[in-house]
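All remarks here apply to the structure that follows.
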Amino acid sequence: MLKKTIALAALFLSFATSADTYQEGTHYQALDAAKFNAPNKVVKIYSVNCPFCYKYDKGVIPGMVKNLPSGVTYDDYHIATKPPLGDEKSLVLAYALSQSNDAFKQVKAAYYKHYHDDKARFASGEEAITFGLKAANLKRADFDANKNSPEVQKTLTKWDLGNEVAKIQGIPAIVVNGKYLINTKSIRNMKMLDEMIAELAAK
């Protein structure tokens, strides 16, 4: 009887330990979920002007998305507040997304490459818009006619939710269920990130 009791106690302790693997304040922090409504989602907040966001998109995000827990989806919010020409780039990205996911990916990749790999800069907002549209073979006339459509504006409004979160610890920022902001500085490897997401998604 004593052995059985000890075994049960050890089992309970192992569950308790695993349930508290990652600590609030060290590995993540709680957000006001009412202001960031994204249940059953992992959201990356980023800017194409951010070098660390570019590195995450290339080396971290693909594996993270592949290993998301069942029932959890991925989304990313581009913030317009990081210069240069964040507003124009966000608008083209949101419009491209309204056309297709492939168009969105093409525009995002082109902006990243232009700014970080080619070290190039746009002379104006118009140039940034023209460049982004050309990257995905999108027509300027269609863009001008639909850039203020409800679909595009809804996307921009949703992305703006990332602005306040970005102020907390910068970007890229990873939010789980709209409730928990992962402390990216605490991440040591992909396994840790996957485990942290799974634990927070289950809360």
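The values are calculated or read from the model by the stated rules, or taken from the named source; none is laboratory data. Every value quoted in this text rests on a predicted model; they were computed, and no experiment measured them. Using ideal geometry, Cβ is built from the backbone for each residue, glycine included, and neighbour counts are taken over all protein chains shown.
Among Tyr77, Tyr56, Tyr112, Tyr95, which is buried (at least 17 other Cβ atoms within 10 Å of the Cβ), touching a residue at least 24 places away in the same chain (Cβ under 8 Å), in contact with a Lys or Arg (Cβ under 6 Å, 6 or more places away or on another chain) and not in a loop (DSSP other than H, G, I, E, B)? Step through it out loud before you land on a result.
On the way: Tyr77 fails: in contact with a Lys or Arg (Cβ under 6 Å, 6 or more places away or on another chain); Tyr56 fails: in contact with a Lys or Arg (Cβ under 6 Å, 6 or more places away or on another chain); Tyr112 fails: in contact with a Lys or Arg (Cβ under 6 Å, 6 or more places away or on another chain).
Answer to the selection: Tyr95.
Of a type in the set (Val, Ile, Thr) and either under 16 Å from Pro172 (Cβ atoms) or crowded, with 19+ Cβ neighbours inside 10 Å (or both) - does that describe any residue in the range 24-40?
Narrowing the range 24-40 to residues of a type in the set (Val, Ile, Thr): 26.
From the residues that got through so far, the ones that are either under 16 Å from Pro172 (Cβ atoms) or crowded, with 19+ Cβ neighbours inside 10 Å (or both) too are none.
Within the range 24-40, not a single residue is of a type in the set (Val, Ile, Thr) and either under 16 Å from Pro172 (Cβ atoms) or crowded, with 19+ Cβ neighbours inside 10 Å (or both).
Of the numbered conditions (1) over 16 Å from Ser90 (Cβ atoms); (2) at pLDDT 95 or above; (3) outside any helix (DSSP H, G or I), Ala198 fails exactly one; give the number of that condition.
(3)
Within the range 59-74, restricting attention to residues that are among the small types (Gly, Ala, Ser) and part of a helix (DSSP H, G or I), which residue is surrounded by the most Cβ atoms within 10 Å (Cβ to Cβ)?
Kept after step one, since they are among the small types (Gly, Ala, Ser), are these residues of the range 59-74: 59, 63, 70-71.
Now drop any that are not part of a helix (DSSP H, G or I), which leaves 59, 63.
Details: Gly59: 10, Gly63: 12.
So, considering only residues that are among the small types (Gly, Ala, Ser) and part of a helix (DSSP H, G or I), the one surrounded by the most Cβ atoms within 10 Å (Cβ to Cβ) is Gly63.
Restricting to the range 175-203, what's the tally of residues that are out of contact with any strand residue (DSSP E or B) (no Cβ under 8 Å at 6 or more places or on another chain) and crowded, with 19+ Cβ neighbours inside 10 Å?
Adding up the residues that qualify gives 1.
Across the range 144-200, what is the total count of residues that are of a type outside the set (Ser, Thr, Tyr) and over 15 Å from the mean Cα position of the chain (by Cα)? If you could, list the steps in order and put the result at the bottom.
Filtering the range 144-200 for residues of a type outside the set (Ser, Thr, Tyr) gives 144-148, 150-154, 156, 158-179, 181-183, 185, 187-200.
The next check asks that each one be over 15 Å from the mean Cα position of the chain (by Cα); those that pass are 144-148, 150-154, 185, 187-192, 195-196, 198-200.
The number of residues fulfilling the criteria is 22.
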